[in-house]
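So the structure is just underneath, and the comments pick up after that.
Here, each number is a calculation from the coordinates, and none is a lab measurement. What you see is a predicted model, and the numbers here were worked out from it, not measured in a lab. All Cβ positions, even for glycine, are placed from backbone atoms using ideal geometry, and neighbour counts span all protein chains on display.
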Amino acid sequence: MSSNNADADRHLAETYYAGGQLEQALYYCHRSLKLNPSLPQTYKTLGNVLQAQGKIDSAARAYLKAIALAPEFAAAQASLGNLYGQMGKFSQAIDRYRIALELEPDSSTAILHPFGVSLKQQGQLEEAIAIFAKAIEKYPNPSTYYSLGDTLALQGRHQEALVCLQKAVDLDPKLVVAYRQMAAILGSRGKIEEQLACYQKILAIEPTDALRLQSVTVLPTIYQNLQDLQVWRQRVIAGLNNLRSPLAIEEPFKEGCSGMFYLAYQGLDDKPIQSQIARLYLPCLPETIPSPIPIPAKTKQKENKIRLGFISRYFYDHSVVRCFGELIQKMPRNRFHVTLFAPLSPKSDRVSEALKANADAWIKLPLNLQAAREIIATEELDILTYTDIGMERFTYFLAFTRLAKFQCVLTGHPVTTGIPTIDYFISSDLMEIEGAQEHYSETLVTLKGLPVCYPKPELPKHPKNRAALGLPENRNLYVCPMTLFKVHPEFDIALAGILRRDPQAEILLFQYFNSPIHEILKARFDRAMPDVADRIRFLPWASMTDFINILMLAEVVLDTFHFVGGNTTLITLATGTPMVTWPSPYLRGRISYGYYRRMGVMDCVAATQSEYVDIAVKIGTDPDYRAMLKNKIMQNYAILYNNPEAVEETARFFTTIAK
């Protein structure tokens, strides 16, 4: 084929590009530009070709040249946006898409869809949802329905998300990512059989190692009974043992893999399973990354401080930051330069603003692991501390790469990570048993005193009475305020014992957001204790004010077995209402016990599960004993709040390892 003019050559280049013949496309781009170096359309096509060849910097220069020649060229602006999105530079991508849409307000889904993806990656979820919806109005297609469903899921709007995801697979029955997200949502809603059916569909379409791993690590949110729990645990162990290693997984995060969040709620030793999963992922993730551009020596000498980073997806008004926000903000700045890394922080509120204001640097990370690694590595940290690992996927996989000399994790998710690049698990001597190092793959650090610096909760200024909250006046209220997946099958025996021993008892739990998992738990109670289950009630998810108000009105608060309250315990104790707890062997079952030890009030701590029932019933039925305990708690609880010992001990530890 030949051409005698620049436009014809450009058309030939576009034809070859569309057919995947990149070298021929590149030849005709250059020939066109040699004939006419001022054609913006040719530079845009050249950028497309170079981007397809992986020549990212050259592609960016071509797009910028097209825009310089024709600033109103919407397609070139959008193409540059696509390139920035591919590079993980989502903020710059968004800027280019906005320009493209201003130039062509009726742009097609070819611009709207990647624009929405970049907004989602930057945590601008509401605008992303609006853009995806607009794209679907113009051209309903499976990819955009999937993206809309995925973004709705990030907001917890699961029913709407499932509708969109179903439309995506109706349009494309082989769209694996949509089935995968459906499986995750169904699992979180307790629809375990439907979740497994989703995985069967996925594996029939695409039998990859990533999907096999996800399928064998499925766990219910609510177990039918103790035997059911053991069956599921053995299923996980057998499934992991049957996977061949190394796994053929290129990017675990992009392929939908995750840690095992619900494993911790089984109440058993999770170190072997956590470590086995980590070993499977290790070959799929970089242990280190190339050395970043160094921070100028003068800057580091001038600071002469330990460069300390904290990372969390929960840098807003969330239970994790209620526990660690004050600790982070009060790190002594004469010793530390503190940087906060916020991956896709979906909310901006007074808490996030306070964290920003008190940090030396606040860096928002894109939900792109490679881009996030490079950003963090550039800071040349001495210490990188995760507030939690295992609650969500992004920081779990980020933790596999060494991005600082020392890497630590706090007790935000109080279970070992199994990840070899996490050096220290920072816990408390108040909570760990002797020999607890055996529970951790990390080096266990047991700081003296409290592991958190927690602000004292504000009690309602105008508390409501029982009638105003729809609570009975003539019952002894035993309130269990924990998330429902903490309700272990062994706990059923204690609930039944309380109800049988106290005929006036009514046990109150809370529904979990907009999830129907309380219905599964109610069915379990009906089977386990049919004679008394009618006195267990599930209240709607409450505002924080009403939640605290209900705790104030309770005769007694019930801590769960094996995975107890942390944040919830500190809220409860601030009301003075006695909370009964039984400490199990692992940290996640001993946190409330640790708070009681720090107060020096041990009356509500049971030595056995049967004693737990004895203590609960005595508090619930004996007003004088209850009043004595409440007074005792209120005389001693001040030490739990705004206590600087966690800051001092953590800062001392960081200083020691950084020397």
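Residues of the stretch 526-560 falling in the label zone of LEU226, defined by backbone nitrogen less than 20 Å from a point 7 Å along Cα to beta-carbon, are 526-533, 559-560. Dividing the summed -39500 (n - 2.57) terms of all DSSP H runs of n ≥ 4 by the residue count of the chain sets its mean residue ellipticity at 222 nm at -16000 deg cm²/dmol. Using a cutoff of 8 angstrom between alpha carbon atoms and counting only pairs six or more residues apart, the relative contact order for the stretch 226-284 works out to 48 percent.
Solvent-free Debye calculation, one equal scatterer per alpha-carbon of the chain: log10 I(q)/I(0) at 0.05, 0.10, 0.11 Å⁻¹ equals -0.28, -1.02, -1.19. Once backbone amide H atoms are built at 1.01 Å from N, ALA505 has ASN476 as its partners under 5 Å, excluding neighbours fewer than 5 places away on the same chain.
Placing +1 on the Cβ of every Lys and Arg and -1 on the Cβ of every Asp and Glu, with no other charges, gives the chain a dipole of roughly 980 debye about its Cα centre. Of the trypsin sites (Lys or Arg not before Pro) found in the stretch 333-395, those that fall in a DSSP loop while having at most 13 other beta-carbon atoms within 10 Å are ARG333, LYS347.
Summing charges over all other residues whose Cβ lies under 15 Å from the Cβ of CYS323, with Lys and Arg as +1 and Asp and Glu as -1, gives +1.
Using the average count of surrounding beta-carbon atoms within 10 Å as a protection proxy, the listed peptides 444-452, 406-414 rank, highest first, as 406-414, 444-452.
Counted by Cβ distance under 14 Å from GLY566, the other residues give a net charge of +3, where Lys and Arg count +1 and Asp and Glu count -1. Sorted on the mean count of surrounding Cβ atoms within 10 Å across their residues, most packed first, peptides 523-535, 609-621 read 609-621, 523-535.
Taken one residue at a time, the phi angles of the stretch 510-526 give Karplus couplings (6.51, -1.76, 1.60, θ = phi - 60°) of 10, 4, 9, 6, 9, 8, x, 5, 5, 5, 5, 5, 4, 4, 5, 4, 4 Hz. Gly and Pro are set to x. Along the stretch 247-258 the Karplus relation, 6.51 cos²θ - 1.76 cosθ + 1.60 evaluated at θ = phi - 60°, assigns HN-Hα couplings of 6, 8, 10, 7, 9, x, 5, 5, 8, x, 6, 7 Hz to successive residues, with x for each Gly and Pro.
Against the chain, whose longest principal axis is taken from its Cα atoms, helix 125-138 shows a tilt of about 50°.
Once the Cα atoms are used to define both axes, helix 22-35 deviates from the longest principal axis of the chain by about 50 degrees. Close amide-amide hydrogen proximity is noted between LYS456 and ASN642, each under 5 Å apart and 5 or more residues distant or on a separate chain (H modeled in the peptide plane; Pro and chain starts excluded).
Modelled label positions at ALA638 and LEU459, each set 7 Å beyond Cα in the direction of Cβ, lie 1.5 nm from each other.
Of the trypsin sites (Lys or Arg not before Pro) found in the stretch 204-290, those in coil by DSSP whose Cβ has at most 16 other Cβ atoms within 10 Å are ARG244, LYS254. Here the gap between GLU611 and LYS405, fully extended at 0.36 nm per residue and compared with their Cα-Cα distance, gives a gain of 69.5 nm.
For the stretch 10-69, what does the alpha-carbon gyration tensor say about shape, rounded, prolate or oblate, given a ≥ b ≥ c as the root eigenvalues, a/c under 1.5 as rounded, and a/b over b/c as prolate? Oblate. Neighbours of LEU83, meaning other residues whose beta-carbon lies under 14 angstrom from its beta-carbon, give a summed charge of +4 when Lys and Arg score +1 and Asp and Glu score -1. Report the residues of the stretch 456-475 in range of a label on GLN504: point 7 Å along Cα→C-beta, backbone N strictly under 14 Å from it. Answer for this model: 472-475. For ALA342, the residues whose modelled amide H falls within less than 5 Å of its own, excluding neighbours fewer than 5 places apart on the same chain, are ILE363, LYS364, LEU365. By the count of neighbouring beta-carbon atoms within 10 Å, fewest first, ASP95, ASP492, ASP269 end up ordered ASP269, ASP95, ASP492.
If I take R0 = 56 Å and measure r between the Cβ atoms of ASP526 and LYS356 in this structure, what FRET efficiency does the formula 1/(1 + (r/R0)^6) give, to the nearest 0.05? Approximately 0.70, to the nearest 0.05. Once you divide the Cα radius of gyration of the stretch 467-640 by 2.2 N^0.38 Å, the number left is 0.95.
Which FRET efficiency value, to the nearest 0.05, is calculated for ASN334 and ILE657 with the Förster distance at 22 angstrom and r the Cβ-Cβ distance? Efficiency, from the Cβ-Cβ distance: 0.75. Working note: Karplus 6.51/-1.76/1.60 with θ = phi - 60° gives the stretch 398-403 the couplings 4, 5, 6, 9, 6, 10 Hz, where Gly and Pro are set to x. Relative contact order of the stretch 303-383, taken over Cα pairs closer than 8 Å and 6 or more residues apart, is 38 percent. For the Cα atoms of the chain, what angle does the longest principal axis make with the long axis of helix 6-18, in degrees from 0 to 90, nearest 10? Rounded to the nearest ten degrees, it is 40. What the Cβ-Cβ distance of ALA133 and ASN514 gives, at R0 = 35 Å and to the nearest 0.05, is a FRET efficiency of 0.95.
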